[in-house]
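First comes the structure, then the notes that go with it.
Each value in this text was obtained by applying a stated rule to the coordinates, not by laboratory testing. None of the values given here were measured: they were computed from a predicted structure. As a convention, Cβ positions derive from the backbone with ideal geometry for all residues, glycine included, and neighbour counts pool all protein chains shown.
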Amino acid sequence: MRSSDGDEPREADMAEGTRLADALTQTEVEALIPHEPTWRYWLRRIDVPVQLLRIGILFLLWWLWWSEVLWNGWDSFSVFGVKPFPNVPETFRASPYETWVYFTEIYHEQLFWQDLWVTVKEALIGFVLGSLLGLIVGIVLGRFQRAARTLGPFVVIVNAMPKIAFLPLILIIYGVGEMSKVVLAVLIVFFIVEVPTQSAVALVDPDLDLVSRTMGASQRQRFMKVTLPGITPAVFGALRLSAVISVLAVVFGEIFSAKRGLGQRLITAANQLSYGDTFAIVFILALIALIMNGGIGFVERKSLRWQTTQEGGQVISL
C-alpha cells in the first residue's frame, strides 16, 4: 500500500534528518548544545539563597542555645495541658562553651578513640550483616510468592515485636561485650531493609519481566536487568535509614550494659551531671551516622546515574 501524498514529505524529512545526524560527528553534535560558563554553573548549583538560609538557621539555633532561651522555657505555652518547653534547672543546662571544652580535651585522650572505634565497629558490622540478610530475604520473599505465603506471617510477627525488649536476653546469651550490640543492630536493621526490599521486588513492572522473558532472557538476566534496577532506589533508601538506626541500636545497647563504647561515655557523663560532655558525645554520634549515610549516598549517586533526577543519594548537598 502506497502512503498518501500528505505522508510523503514527512517520510522525506525523516530520511533527510537521519542522513544529517549520520553526517555529524560527536564533536559537532556537542558544539550545537548551548553551554554556560563554569562560574555560572557552580553559582547555580551552590544556590546562594539556600546557603544563606542554612547559615541563618544554624546561627539561630546557636543563639537559642547560647542565650539559654530554650532552657528558660515558656511556661505560658501549653498543648492540651502539657508544657513542651518547660524551664530547665541550672544544674541540667549545658552551654556551647562547655561542649567545646570537651572536644578540646578528648583530642589527646587515647581511651576516647578506643571507645569511638568500638562504637563504629559495632555499628558497621551490625549494619552490613543486617542489610545483607534483609536484602537476601526480601528478594527471595518478593520473587517467590509461595515462599512469601509460607514465611510472610512469621516475618510480620517477629517484626511487630519490640527488638529492644530482647536486649536483656541478648546480654545473657552473648554477654556485655561487643557481640551483643552487633546482634541487636542486626535484628533492627534486618527488618528496615527486608520490608521495603520485598515490597519493591513485588512491585516491579510485570510488563518488563514479560518482555524480557519473551526476548529469551534467562532467570539471571531478568533479575540483573529488570528486577535489580527496579528495586535499587528503594533499597538505597532503606540502607540510608538503617545506617542511622544501626548507630542508635549499638549506642542504646552500650547505655544498657557495655565494657567500652561511646554509649557508656554518654550515660556516665549524664549520671555525673556533665551535660556539656553529654551534648558533645551526641554531636559525635550524629557525625558518625552522617558519615555512614553520606557514604551510602555517594554509592547511590554512582549507581543510579540513569535516573533523571539528581536528588537521590544526597545527604548534604551544595
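Among TYR97, TYR102, TYR275, TYR174, rank each residue by its count of other Cβ atoms within 10 Å, from fewest to most, as a rough exposure measure. Walk me through the intermediate numbers first.
Details: TYR97 9, TYR102 21, TYR275 18, TYR174 15.
So the residues, fewest neighbours to most, are TYR97, TYR174, TYR275, TYR102.
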Query - Modelled FRET efficiency - R0 30 Å, ILE173 with MET224, Cβ distances, 0.05 increments - result: 0.15
Report summary line: For the range 177-292, the Cα-Cα pair-distance distribution in 10 Å bins from 0, as whole percents, is 13, 30, 23, 16, 11, 6, 1
Query raised in the report: Listed highest first by mean packing, meaning other Cβ atoms within 10 Å per residue, what order do 41-51, 182-192 come in?
Result: 182-192, 41-51
Query raised in the report: Restricting attention to the range 173-268, which trypsin sites (Lys or Arg not before Pro) occupy a DSSP loop and are surrounded by at most 13 other Cβ atoms within 10 Å?
Result: LYS259
Query raised in the report: Quick one: if you stick a label point 7 Å off each Cα along the C-beta vector at PHE103 and LYS121, how many nm between them?
Result: 2.7 nm
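Which of the residue pairs LYS163/LYS259; LYS83/LYS181; LYS225/LYS302; LYS163/LYS302 have a Cα-Cα distance greater than 25 Å in the structure shown?
Checking Cα-Cα distances, LYS83/LYS181; LYS163/LYS302 exceed 25 Å.
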Query raised in the report: Counting other C-beta atoms within 10 Å, which of THR119, THR91, THR227 has the fewest, and how do the rest follow?
Result: THR91, THR227, THR119
Report summary line: Whole-Hz Karplus couplings 3J(HN,Hα) for the range 69-86, θ = phi - 60° and coefficients 6.51, -1.76, 1.60, Gly and Pro as x, run 5, 5, 5, 5, x, 10, 5, 6, 9, 9, 10, 6, x, 9, 9, x, 10, x
Query - Selection from GLY216, THR227, THR197 lying farthest towards where the dipole of the range 192-253 points positive, charges on Cβ - result: GLY216
Query raised in the report: Among LEU135, LEU304, which comes first, second and so on when ranked by fewest other beta-carbon atoms within 10 Å?
Result: LEU304, LEU135
Report summary line: Interchain or sequence-distant (5+) residues whose placed amide H lies within less than 5 Å of the amide H of PHE85 are TRP74
Requested in this report: Go through the range 109-193 and name the GluC sites (Glu not before Pro) that are in a DSSP coil and have 13 or fewer other Cβ atoms within 10 Å of their Cβ.
Outcome: GLU109
Query raised in the report: How many nm separate the modelled label positions at ALA286 and PHE154, each set 7 Å beyond the Cα in the direction of the Cβ?
Result: 4.2 nm
